[in-house]
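Report on the following structure.
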Amino acid sequence: MDSNILLLITGAGALVAGIVAGKLIFTKNTQKKLEEAEIQSQSILKEAELRGETIRKEKELEVKEKFVQLKAAHDKDVNERSRKINDTENRVKQREVSIIQKETSLDKQIKENEAIKENLNRQIEVVNVKRTELEKHQEEHIRRLEKVAGLSADEAKTQLIESLKQEAQTRALGIQQEIIDDAKQKANKEARKIIIQTIQRTAAEQAIENSITVFNLESDEIKGQIIGREGRNIRAIEAATGVDLIVDDTPEAIVLSSFDPLRREIARISLQRLVTDGRIHPARIEEVVEKTRKQIEEQVMEIGERTVIELGIHGLHKELVRIVGKMRFRSSYGQNLLMHSREVANLCGLMASELGMNPKLAKRAGLLHDIGKVPDEETELSHALLGAKLAEKYGENPAVINAIGAHHDEMEMQYVISPIIQACDAISGARPGARREIMQQYLQRIKDLENMALAYNGVEKAYAIQAGRELRVIVEADKVTDADSEKLSFEIAQKIQTEMTFPGQIKVTVIREKRAVNVAR
């Protein structure tokens with residue numbers, strides 16, 4: 001029992017000792033952690049203070065930099081405003097100086113004007129005095145004249161006016177007669193020029209070769225069949241075809257005469273069929289001619305269609321296609337009209353392509369530019385205006401219409417392709433060999449043109465261009481003045497007109513150029 005109590009007391013004492021020892025150990029550990037925490041907090045506070053100081057310094061630097069920038073901007077603005085104020089002040093001062101100078105000048109001018117005015121007033125007074133004296137002398141003179149002549153002043157004025165009126169009428173009549181004579185002379189010259197140009201345009205150089213076709217026969221016995229009893233067969237052929245048949249002593253040949261190549265072609269083919277068939281009488285003649293006419297119309301359409309296809313032209317009206325086909329049977333100055341139009345179309349296509357334009361439109365206008373030369377009815381319009389009218393009638397492009405009408409300058413050029421058509425038409429017609437003119441005669445005419453211009457004093461060079469349609473004369477600037485250039489151009493044109501024979505017209509251009517040349521060494 002006592003041992004158990006002792007054990008309990010011993011255990012309780014050990015427990016208390018353990019509790020005390022543990023508490024002491026815990027207190028010691030806690031104190032150590034508190035010291036460590038305090039040391040760490042002191043370290044953190046120091047770091048925070050250092051970082052805060054660093055941030056404060058950085059912010060101070062930024063604020064200083066911002067202040068410096070703002071101050072620089074402010075100084076710049078202040079300087080700019082100061083400069084503007086100074087400039088304004090300078091301008092104001094200059095204006096003040098100018099105003100002062102103007103005021104001074106104005107005052108001076110006012111004083112001068114006042115002096116001039118006073119001087120004028122004095123002069124006016126003197127003039128008035130002199131005029132009064134003059135009027136007195138004039139009245140005295142008139143009284144003396146009236147006394148001597150026995151006429152009053154009004155009667156003398158009336159007689160003087162009447163005599164001057166008669167003299168003026170006489171002079172006016174003389175001047176009027178001179179103007180009328182000069183106008184008549186110029187009108188006759190212009191009329192002759194217009195008539196000559198009209199004849200040259202409507203007739204070829206050799207009318208016989210362009211207006212007849214020789215129909216060859218196997219024997220002269222067929223001539224009798226063609227003539228028929230009392231000439232009824234030949235009259236039927238002429239009536240059906242509109243072609244004159246000339247039967248003369250020419251062996252084995254009959255001449256078909258007409259200015260319409262299409263009619264001559266119909267008559268030739270009809271005669272060939274009648275002679276081959278052997279049945280020649282009026283009814284048969286009318287039947288064959290009608291069939292031939294239809295065949296020719298089909299052939300004309302075929303030629304037109306083939307032409308537009310070869311040139312790559314689409315959407316052409318059928319009537320225009322027929323007119324293109326009829327060009328095959330037309331000629332202009334001995335040049336086949338269809339060949340000429342095809343050549344112009346190809347030239348226009350090439351030129352338009354080089355210029356970056358529409359070659360198809362240019363080809364179209366080039367092909368149609370001479371359609372006015374194959375009308376079905378007579379008209380007073382020129383072929384260019386008639387062609388433009390036909391193109392407009394059949395719905396062609398306005399550029400094509402304008403190019404057709406303007407290719408001879410009879411209509412104002414409104415589109416860029418118009419001068420191209422004009423140039424290509426001139427190229428096709430002006431090239432040697434295109435139209436009926438012997439090469440030797442052509443070269444001789446060109447040479448004569450140039451020599452005629454070179455014969456004048458002061459002419460340096462002379463060139464005949466555009467197949468002799470234009471003569472360009474280059475003169476020496478030291479010997480020929482501008483006024484002399486105009487006179488020289490007129491004289492050369494008059495001499496060509498009176499001494500040379502030429503188709504169409506020749507434009508004479510005198511060029512005077514002054515050059516000053518120096519060499520820097």
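The values are calculated or read from the model by the stated rules, or taken from the named source; none is laboratory data. Being a predicted model, the structure only gives us computed values, none of them experimental. Heads up, the Cβs are rebuilt from the backbone with ideal geometry, glycines too, and the neighbour counts pull from every protein chain shown. Calculation scope for accessible area: heavy atoms of the full protein, side chains included, ligands and nucleic acids excluded. Shrake-Rupley method; radii C 1.70, N 1.55, O 1.52, S 1.80 Å.
Over all directions, average the projected area of the Cα convex hull of the chain and note it in nm². Mean projected area for the chain: 90.9 nm², to one decimal. Dipole orientation for the chain: of the candidates ALA115, VAL510, VAL416, ALA115 has the Cα lying most toward the positive pole (charges on Cβ; Lys, Arg +1; Asp, Glu -1).
For the listed peptides 53-65, 342-354, 483-495, a ranking on the average number of other beta carbons within 10 Å per residue, highest first, reads 342-354, 483-495, 53-65. Computed with a 1.4 Å probe over protein heavy atoms only, the accessible surface of the range 282-394 comes to 49 Å² per residue. Taking the Cβ-Cβ separation of HIS141 and GLU410 as r and a Förster radius of 60 Å, what is the calculated FRET efficiency to the nearest 0.05? The value I calculate is 0.30. For the range 1-53, the residue among ALA37, ILE25, ALA14 whose Cα projects farthest onto the positive side of the dipole built from Cβ charges is ALA14. Cross-link partners of LYS66 among aspartates and glutamates, defined as those whose alpha carbon lies under 15 angstrom from its own and excluding same-chain residues fewer than eight positions apart: GLU58, ASP75. Using every pair of separate Cα atoms, the Kirkwood estimate puts the hydrodynamic radius of the range 1-140 at 28.4 angstrom. Mind checking which aspartates and glutamates have their C-alpha under 20 Å from LYS57, skipping anything on the same chain fewer than 8 residues away? Within reach: GLU47, GLU49, GLU65. Overall, the chain carries a charge dipole of about 1580 debye about its Cα centre when +1 sits on the Cβ of Lys and Arg and -1 on the Cβ of Asp and Glu, all other atoms neutral. Rolling a 1.4 Å probe over the protein heavy atoms of the range 77-132, with every protein chain left in place, gives an accessible area that is 53 percent carbon and sulfur.
Using a probe of 1.4 angstrom and keeping all protein chains present, the accessible surface of the range 1-158 works out to 95 square angstrom per residue.
Compactness of the range 478-521 was expressed as the Cα radius of gyration divided by 2.2 N^0.38 Å, which yields 1.71.
Per residue, the accessible area of the range 448-504 comes to 58 Å² when a 1.4 Å probe rolls over the protein heavy atoms. Just round it to a whole percent: the fraction of Cα-Cα distances in the range 314-382 exceeding 18 Å. Result for the distance tail: 42 percent.
In this label model, MET301 and ARG131 are separated by 9.5 nm, measuring between points 7 Å along each Cα→Cβ vector. For the range 1-84, a simple Cβ point-charge model (Lys and Arg +1, Asp and Glu -1, everything else neutral) yields a dipole of about 600 debye relative to the Cα centre.
Rounded to the nearest whole Hz, the Karplus-based 3J(HN,Hα) values (6.51 cos²θ - 1.76 cosθ + 1.60, θ = phi - 60°) of the range 305-313 follow the sequence 5, 5, 5, 5, 5, 5, 8, x, 9, with x at glycine and proline. Kirkwood hydrodynamic radius of the range 368-417, from the reciprocal of the average inverse Cα-Cα distance over all distinct pairs: 10.6 Å.
Pairs exceeding 26 Å between alpha-carbon atoms, taken from LYS373/LYS393; LYS186/LYS487; LYS165/LYS186; LYS223/LYS291: LYS165/LYS186.
Over the chain, Cα pairs under 8 Å with separation of 6+ residues give a relative contact order of 6 percent. Placing unit charges on each Cβ (+1 for Lys and Arg, -1 for Asp and Glu) gives the range 220-350 a dipole about its Cα centre, and among LEU256, MET339, ILE303 the Cα reaching farthest toward its positive end belongs to ILE303.
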